[in-house]
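Contents: one structure, followed by commentary.
What follows draws every value from the coordinates through simple rules; no lab data is involved. Since the model is a prediction, treat every value here as computed from it, not as a measurement. All Cβ positions, glycine included, derive from the backbone under ideal geometry; neighbour counts span all protein chains shown.
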Amino acid sequence: MSKKDSTLANWYFQGDTIAEALRYKFYDNNESSAAAILVLSDEYTGKNSSATKSIGIWNGVQSGGQGATAYVSFDGGGVISQMIDLEMSEKNSNSSRLGEYKSVAEVIAKTVEIYGSFYVTFGPRKYATEAVFEDRLCVSWMLYLPHALTPALVPEARDLIPVMRDGKRQGTIIVSVTDAVFDASNREHVKAANDIEIRLADQDLLPRFVDL
């Protein structure tokens with residue numbers, strides 16, 4: 001992500017004060033820092049290894065439109081407990097800090113490659129209230145699913161980007177809008193995502209949360 005936006009290069013533990021939150025860098029030369037390992041070891045020593053664990057980090061930027069936070073959950077069993085939730089502020093709804101849709105798709109594909117993700121959804125949180133189904137994943141701007149999808153299966157998609165892992169087709173990134181950044185206030189954008197959701201659900205390809 002730092003190649004797309006330099007403000008996403010450094011990450012810190014969250015804290016009760018700004019000074020505390022900037023005390024420890026989470027990464028050092030693209031590896032977990034010694035401080036991060038020590039803090040987490042102290043926090044989880046003695047706790048059940050199967051208990052859900054969560055880590056909150058931020059990019060240390062307080063100025064408008066450049067802040068970002070990430071929450072990582074793991075252990076505990078189930079897909080929902082194995083989650084990375086990234087939230088970024090945007091200066092306006094007409095741009096994305098990660099670039100145009102192919103640039104964003106590169107970040108999604110890399111996430112799948114590294115973590116073996118079952119799904120990835122990307123887009124404005126506001127879209128959640130516009131999605132067709134309350135009990136299923138939403139498409140929003142982009143949705144990665146672990147299926148080899150084709151235009152014949154999802155003709156409403158503006159683009160279908162194959163995702164490879166270990167030299168094999170891992171799945172597909174479904175893109176609802178290609179000529180602009182997805183805007184949840186734009187009815188055409190919302191309709192495009194809604195139409196894809198309906199098509200996927202009709203083919204039992206849009207997972208319900210309860211099944212994840």
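Some notes on this structure:
- Residue-span extension gain [ASN48 to LYS110] - 0.36 nm each, minus C-alpha spacing: 19.2 nm
- Relative to the dominant Cα principal axis of the chain, helix 187-202 is inclined by about 80°.
- Full-stretch length increase - ALA34, LYS102 - with 0.36 nm per residue and alpha-carbon distance subtracted: 21.0 nm
- Dividing the helix sum by the residues of the chain, where each DSSP H run of 4 or more adds -39500 (n - 2.57), gives a mean residue ellipticity at 222 nm of -6500 deg cm²/dmol.
- Between the C-alpha center of the stretch 150-212 and that of the stretch 1-70 there is a gap of 31 Å.
- Between the amide H of GLN170 and those of VAL163, MET164, ARG165, distances stay under 5 Å, these residues lying 5 or more places away or on another chain, with hydrogens modeled in the peptide plane.
- Under conditions of 20 °C and 1.002 mPa s, the chain yields 115 µm² s⁻¹ as its translational diffusion coefficient, taking Rh as the Kirkwood radius over Cα pairs in the Stokes-Einstein equation.
- Ordered from longest to shortest, the equivalent ellipsoid semi-axes for the stretch 1-70 are 24, 13, 12 Å, each the square root of 5 times a Cα gyration tensor eigenvalue.
- Lysine pair number, Cα distance threshold 27 Å (strictly under), the stretch 14-111, separation 8 or more or different chains: 8
- Put a dot 7 Å past the Cα of ILE198, heading toward its Cβ, do the same for GLU20, and the two dots end up 5.0 nm apart.
- 12 Å Cα-Cα reach of LYS3 towards aspartates and glutamates, excluding residues that sit fewer than 8 places from it in its own chain: GLU106
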